[in-house]
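Let me begin by presenting the structure, written as structure tokens, before commenting on it.
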Amino acid sequence: MRLILDTNVLIAALITRDTSPDALYRAWRDGAFTLVTSELQLEEFRAVTRRESVRLRLHPAEAGRMVNDLRSLAVLAEPLERLDISPDPYDNFLLAMAQASRADALVTGDKRDLLSLGRHLGTRILTAREALNLIV
């Protein structure tokens, strides 16, 4: 199974232990599914982890370790097509990743925008809890 974890899910995995995002990240590390990422997502992750509000809750070494894990262990979806589908234009790259990688699911906490779509082509758009139920 190929999953994309939205940046908000990855950040939540680092900040809040024993939650669905944390369990998903650990499941990926244990080989339960293939994780898909992209250079755009890695850039977004770095930018978000540099925000003051996030830095106060997250040790920089943990963020760096996650970037290294993503870069070395996840499947890189490239090149990405320019899309204009999501109500939030900043989320379109995630849909492009789903399209390029033929991911089974895009996992997000973004209720208003991505989750409202429900699906993009063959990719289901799920919450972390829903995705966890699929792989457990």
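The values are calculated or read from the model by the stated rules, or taken from the named source; none is laboratory data. Just so you know, these numbers come straight off a predicted model, no measurement behind them. Note: ideal-geometry Cβ built from the backbone for every residue, glycine included; neighbour counts use all protein chains shown.
Observations
- One residue from 3, 94 being assigned to a helix (DSSP H, G or I), touching a residue at least 24 places away in the same chain (Cβ under 8 Å) and buried (at least 21 other Cβ atoms within 10 Å of the Cβ): 94
- Residue selected from region 101-136 under the condition of a type in the set (A, V, I, L, M) and free of Cβ contacts under 8 Å to residues at least 60 places away in the same chain, by the criterion surrounded by the fewest Cβ atoms within 10 Å (Cβ to Cβ): 121
- Cβ-Cβ distances below 9 Å connect the following pairs, each with a first residue in region 67-79 that is closer than 16 Å to residue 7 by Cα, a second residue that is among the charged types (D, E, K, R) and not in a helix (DSSP H, G or I), and a separation of six or more residues or different chains: 75/2.
- Checking residue 27 against (1) outside any helix (DSSP H, G or I); (2) among the hydrophobic types (A, V, I, L, M, F, W, C); (3) at pLDDT 95 or above; (4) out of contact with any strand residue (DSSP E or B) (no Cβ under 8 Å at 6 or more places or on another chain), the condition it does not meet: (1)
- Test: residue 92 is over 22 Å from residue 111 (Cβ atoms) and within 16 Å of the chain's Cα centre (by Cα): no
- Note on region 33-62: among residues that are buried (at least 17 other Cβ atoms within 10 Å of the Cβ) and in a loop (DSSP other than H, G, I, E, B), the one that is nearest to the chain's Cα centre (by Cα) is 38.
- Residue within region 67-86 that is within 23 Å of residue 117 (Cβ to Cβ), at pLDDT below 95, out of contact with any His (no Cβ under 7 Å at 6 or more places or on another chain) and surrounded by 18 or more Cβ atoms within 10 Å (Cβ to Cβ) present: yes
- Number of the exception - residue 62 against (1) at pLDDT 95 or above; (2) touching a helix residue (DSSP H, G or I) at 6+ places or on another chain (Cβ under 6 Å): (1)
- Scanning region 70-112 for residues that are among the acidic types (Asp, Glu) and more than 15 Å from residue 38 (Cβ to Cβ) returns 84, 88, 104, 110.
- Single residue of 9, 36 found to be closer than 19 Å to residue 115 by Cβ, touching a Lys or Arg at 6+ places or on another chain (Cβ under 8 Å) and of a type in the set (A, V, I, L, M): 36
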